[in-house]
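Okay, so here's the structure we're looking at.
The values are calculated or read from the model by the stated rules, or taken from the named source; none is laboratory data. If you're wondering where the values come from, they're calculated on a predicted model, not measured in any experiment. Don't worry about glycine lacking a Cβ; one is built from the backbone with ideal geometry, like all the others, and counts go over all protein chains shown.
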């Protein structure tokens, strides 16, 4: 995944969103997390970004969903699964 066996700070910053969203392969995740053991700057960035994400998720869970939204979203997803794109 990385140009060398060593993850650079540039690599880490580029992959941080995917790491936080758990969208990286296990071997890449291990390399990125190992970088945090040796880089205080990236560790601070990771902690900051993770805290923001955690706070945002908590706030979004606290917002009540309007009646019928879940059903409408599920209906659109079902149509999408059948090939409907919504384009006219």
- [ ] Confirm whether residue 73 is surrounded by 10 or more Cβ atoms within 10 Å (Cβ to Cβ) and in a loop (DSSP other than H, G, I, E, B).
- [x] no
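Residue-by-condition table, conditions (1) exposed (fewer than 10 other Cβ atoms within 10 Å of the Cβ); (2) at pLDDT below 95:
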| position | (1), (2) |
| --- | --- |
| 46 | no, no |
| 64 | yes, yes |
| 67 | yes, yes |
| 78 | no, yes |
Task: All positions within the stretch 1-34 that are touching a residue at least 24 places away in the same chain (Cβ under 8 Å), farther than 13 Å from residue 49 by Cα and in a helix (DSSP H, G or I) - done: 9, 11, 27, 28, 31, 32, 34
TODO: Quick one: residue 52 ticks every box in (1) farther than 18 Å from residue 8 by Cβ; (2) touching a helix residue (DSSP H, G or I) at 6+ places or on another chain (Cβ under 8 Å) except a single one, so which number is it?
DONE: (2)
